Amino acid sequence: MSSRTELTFCRICEATCGLKATIEGDRVVAVEPDEDHVASKGYSCIKGLRYHEIHHSPDRLRVPLKRVGAGFEEISWEQALAEIGAKVRQLVKGNGGDSVSAYLGNPISFSLLPPILTSGFLQGLGSRNLFQTGSQDCNNKFAAAQRVYGFPFIQPFADVDRTQCLIIIGSNPAVSRSSFMQLPNPIRRLRAIEERGGKVFLVNPRRTETAKQLGTQVFIRPDTDVYFLLSFLHEVLSRDVIDHVHVNRYMKGLDPLRKVAELWTPERTAEVTGIPAQTLRAMVDAYLEADGAALFLSTGVNQGSQGTLAFWIQEAINAISGNLDRLGGTIVGHGYIKDFPKHARKGGHTMRKDRSRIGQLPSVADTFPAGLMADEILTPGKGQVRALFCVSGNPLLTVPNSNGRLEEALKALELLVVIDIFRNETANHAHYILPGSSAFQRADLPFVFQSLMGAQAVPYVQFTDALLPLEDEQRDETLILLQLARACGSTLFGSRVANGFFGTWMGLRKLPLLGSRLGFTPERFLGLMARAFRLGSLRSLRKEPHGRLLEPIKGRDFLGERVVTEDGLVDLAPEEFVVAAGALESAFESERSRRDKLKLISKREQHSHNSWMHNFPRFVAGKRSTNYVYMNPQDASKVGVESGAIVEVRSNAASVRLPVQVTDEMMVGAVALPHGWGHQAADGLSVASKTTGVNVNLLAADGPEELEYFSGMAKLNGIWVEVTPAE
Ligand code: SF4
């Protein structure tokens, strides 16, 4: 059979690496890195190179399914849409818009339209109840940025290719390729810092795959990052290296910030962080002496109990040291949409100020914390959630206490609709399962982080056509959401104009005056978006299949120009944060009194990303068919176990049993457990369901008191645990 080669890009993680797919008929038979891609330049990881195996899995959903008794029956799209629509209309009429909710998962969030339309669908029903994966991995950054810079999606990122000192906290780019910073080929680029005479520090409770290859490892006790950062700030301020003219012109709040840092000497915080004072001072020296430096924290810190405060302190340090908005320091990308933060803020987009019905937690970027889903479903009263649309997500595995109260809650729903490419754990409880598209079946512009935040050290744009057709009854998520909106009586975004536009575009309404119908093509819409973003026509983008470089980042164009707080100044000391920092004393004392107890961190694995990856046989073969508890030899000896022994890990929320791996990559007092496992009940995942790993998120608690106050982030790192040999 003759074959052809198509260029595209990966949509598994933020690196969005360029890929070259070899296609025979309707099958992708091989995927290679795109050597000529303008940004990834021949880099990609094993997950992108094996994505075709996920796409062609025999477990892919092909037709709509309806729950009947204990099983599922195939139904037509017409029946599915009609029945779902009737139920939603009834719920909204009887209980109000908030009775309908949605959960937006990670895989689809890398595509342009489905996340926007999921939000528009709910808005059209009058519902505020959108839950998203952000409250498991990053909402603290949005919550802090909104107060410090005036808009959640203003996210400065480290200028890795020019910096002379990079301090990475709670991140393992060798495996994650970083987040909020597009970083294909992370090891080469981090090594280059050392090759040009700079320094890289990796602050982490575990010697990660990154730290094994470069940089200086600094062990930190889990979930004590905020104290480390407070001492770092204390030291920066005590050396009087601040450019006061610069700070006075572009920032406010230096005095209250000084007060916040006053008591947190490195000697004091060393008691809980485990980082000796002289080590911290040496890091501050390196940071201040470098010609361009950056502190960059990520998921490990985000998932702790003080992620918002930690991120705020980090940003304040980068700002007052003169490293914010300079090449080699941290830079703020432009994204595709010129002045997006200014316009979005003006229109109130992603700036909602409401609070959740349960727990009164704030919405962040117009979403509520997923850790509240169980309560919102199970607690009677006005606004109780009775229906959930799960779009390309698997909350039953990914939110805290997932197999506990959330499972009970999903069973209590009057309507659960899952849109996915597989029948996963969550789908097992669905009333309807709708077959969506894989990334190879979708045209796309790399959008989410690039367009809004411009989180690219190398700004570029690339368009991909769908490589393969949809099969059987599979549909593109964009079309599914538009059809659901119509069936459910949702006026998209609560706007008749938007509703009319989308209705006409998808061929549901005749064109005004002309009387003809447009057909639904995502490409057509992406073409409109590309023109609106001034990226050119699709024809021109198609002529540059390796991507087109955009204007390089120059730096020095954010402060005084693109900060969108009321007064245009960076707020170094938002009042609520200052008050919360003042209350850290009791948390610090609690931490100090439990220094001898074990704390759990989660860990991402090279061959794993979300539940789908565990359904590829080679990724879970042999020893990889389970996750392990990783422990330092000293801790293992105290517990009385060796590698291979089964241990019980117990938190306040639950307990799990797993084999242990004893390794000195863990610091004493910290244990690690990879996430994304626990598929035994997912009989729709024929490979994953045979694996024996357990879900680490079981050990995390849900409910309003357990979530971080400012962002509703689930505490998935730094969980107090006991480990004992299993009976
Ligand atoms: S690093 Fe791997 S998973 Fe991430 S975009 Fe590149 S190929 Fe895909």
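The values are calculated or read from the model by the stated rules, or taken from the named source; none is laboratory data. As the structure is a prediction and not an experimental result, all values here were calculated from the model. Here the Cβ is made from the backbone with ideal geometry for all residues, glycine too, and neighbour counts use every protein chain on show. Accessible surface is based on the protein model in full, side chains and every heavy atom, while ligands, DNA and RNA are left aside. Shrake-Rupley method; radii C 1.70, N 1.55, O 1.52, S 1.80 Å.
Details
- Region 1-17 - residue that is among the polar types (S, T, N, Q) and open to solvent by 30 Å² or more (accessible area, probe 1.4 Å) and, of those, farthest from the ligand (Cβ to nearest atom): SER2
- Check on GLY120, open to solvent by 30 Å² or more (accessible area, probe 1.4 Å) and in a helix (DSSP H, G or I): no
- All positions within region 148-204 that are among the acidic types (Asp, Glu) and either assigned to a strand (DSSP E or B) or surrounded by fewer than 21 Cβ atoms within 10 Å (Cβ to Cβ) (or both): ASP161, GLU194, GLU195
- Residues satisfying the stated conditions in region 355-387, i.e. among the charged types (D, E, K, R) and buried (at least 18 other Cβ atoms within 10 Å of the Cβ): ARG357, ASP366, ASP375, GLU376, ARG386
- Any pair with Cβ under 8 angstrom, 6 or more apart, that starts in region 1-12 at a residue that is under 23 Å from TYR43 (Cβ atoms) and of a type in the set (Lys, Arg) and ends at one that is modelled with pLDDT under 95 and within 14 Å of the ligand (Cβ to nearest atom): ARG11/PRO107; ARG11/PHE110; ARG11/SER111; ARG11/ALA439; ARG11/ASP444; ARG11/PRO446
- Tally of residues being polar (S, T, N, Q) and within 14 Å of the ligand (Cβ to nearest atom) across region 18-53: 2
- Taken over region 656-684, the residue count meeting the criterion of being farther than 27 Å from SER171 by Cβ and at pLDDT 95 or above is 1.
- Residue that is touching a residue at least 12 places away in the same chain (Cβ under 8 Å), acidic (Asp, Glu) and more than 28 Å from ASP596 (Cβ to Cβ), where the choices are ASP702, ASP683, ASP664: ASP683
- Members of region 242-269 found to be of a type in the set (A, V, I, L, M, F, W, C) and open to solvent by 70 Å² or more (accessible area, probe 1.4 Å), listed by number: VAL245, LEU263
- Residue within region 80-91 that is touching a Pro at 6+ places or on another chain (Cβ under 8 Å), away from the ligand (no atom under 16 Å from the Cβ) and at pLDDT 95 or above present: yes
- Of all residues in region 105-120, none satisfies being more than 20 Å from GLY393 (Cα to Cα) and without any contact (Cβ under 8 Å) to a residue 60 or more places away in the chain.
- Residues located in region 205-249, provided they are in contact with an Asp or Glu (Cβ under 9 Å, 6 or more places away or on another chain), in a helix (DSSP H, G or I) and hydroxyl-bearing (Ser, Thr, Tyr): TYR227, SER231
- As for region 66-74, it holds no residue that is at pLDDT below 95, within 16 Å of the ligand (Cβ to nearest atom) and within 30 Å of CYS488 (Cβ to Cβ).
- Within region 451-492, if we keep just the residues that are modelled with pLDDT under 90 and open to solvent by 10 Å² or more (accessible area, probe 1.4 Å), the residue that is nearest to THR118 (Cα to Cα) turns out to be LEU479.
- Every condition in (1) more than 13 Å from the chain's Cα centre (by Cα); (2) at pLDDT 90 or above holds for LEU104 except the one numbered (1).
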